[in-house]
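Have a look at the structure below, then the notes.
The values are calculated or read from the model by the stated rules, or taken from the named source; none is laboratory data. Since the model is a prediction, treat every value here as computed from it, not as a measurement. Because the Cβ atoms are built from the backbone with ideal geometry, glycine has one as well, and the counts that use them run over all protein chains shown. In case anyone asks, the SASA skips ligands and DNA or RNA and just uses the protein heavy atoms, side chains included. Shrake-Rupley method; radii C 1.70, N 1.55, O 1.52, S 1.80 Å.
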Amino acid sequence: QAPAWLLGESAFTTLRTWNGAALLWEAHLARLRGTCAFLGLPAPEGGPPPPGGQGWGLLRVTATAEGTFHSWRPLAPGPRPAGGVAVRLTEVQVHPLLAGHKTGSSLPYTLAGRAAAAAGAFEGWLTDGAGHLVDGSRTAPLLELDGRLVVPSGGLPGVTRAAFLAGRAAETRPVGVAELPRVSRAWVCGSGVGVVPVRRIEGEGWSVDLPAEWPAVTDRALVWPGEAARP
């Protein structure tokens, strides 16, 4: 078996497409190249692959020692959750060396996603060994604490989150789990869903309800797939 499939020695990114156009391509490619350098893999070169299909889609670009591979599928997450979504703080921790990279070693994120689903939540959040919120199983968290937008440090640099924050003041810092009950608003951001407000954060023995107002975005990279977006 090749190391890419046996050991997860691969790098990948998943980005949204619209009528074949790869959205936020340069930012995804830059992050992918950074992970390839970290893993010692050849960097993918060139532009995006040929269009995969019409309408909304998800393009996965996977880099291995054997080459770069592409796969595409339609993106249809269903009706937009008008009232926002619930997230679950799980007991799953990120890998201490790989948390900042999207690699084939994705078991912690799979386990966090399963824990969230078992609790009836939309997303599962992961921590590090020091008790900080770091990442989501499939999206990047964004918090409002003490009136400031806060990006929890230590996890994957989310491309959709960064695009949403462009032109906004935000602080990137460690966020302890003990701070989460003080969160005043929160969002989860990812290629598959856009920027989604959080209505409830749940932990073991505690929860906090939040106002969940959908952000006024029109960029096709940021809206819930299927919503009206600018050309």
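Backbone amide hydrogens, once placed in the peptide plane, bring residue 185 within less than 5 Å of 144, excluding anything fewer than 5 places away on its chain.
The label point for residue 119 and the one for residue 207, both projected 7 Å from the Cα toward the Cβ, are 1.0 nm apart. Round to a whole number: what % of the accessible area of the stretch 48-90 belongs to carbon and sulfur, probe 1.4 Å? C and S atoms contribute 58 percent here. Every helix of 4 or more DSSP H residues in the chain counts as -39500 (n - 2.57), and over all residues that averages to -4500 deg cm²/dmol at 222 nm. For the stretch 159-199, run through the trypsin sites (Lys or Arg not before Pro) and keep only the ones in DSSP coil with at most 12 other Cβ atoms within 10 Å of their Cβ. Loop-located and lightly packed - 168. Residues in the stretch 44-60 carry Karplus couplings, in order, of x, 10, x, x, x, x, x, x, x, x, 8, x, 7, x, 10, 10, 10 Hz; the curve used is 6.51 cos²θ - 1.76 cosθ + 1.60 with θ = phi - 60°, and Gly or Pro positions show x. Here the alpha carbons of the stretch 1-102 define both size measures, Rg and Dmax, at 15.8, 46 Å. Here the stretch 45-167 carries DSSP beta bridges of which approximately 80% are antiparallel, counting only pairs with both residues inside. Residue 200 sits with roughly 60 Å² accessible to a 1.4 Å probe, with DNA, RNA and ligands left out of the calculation. Just to be sure I understand the model, the point goes 7 Å from the Cα along the line to the Cβ. What's the resulting residue 45 to residue 168 distance in nm? About 3.8 nm separates the two model spin labels. When the alpha-carbon atoms of the chain are used, the pair Rg, Dmax equals 17.2, 51 angstrom. Across all Cα atoms of the stretch 101-231, the radius of gyration (one decimal) and Dmax (whole number) stand at 14.3, 45 Å.
Each residue was assigned an accessible area with a 1.4 Å probe, and for residue 164 the value is about 10 Å².
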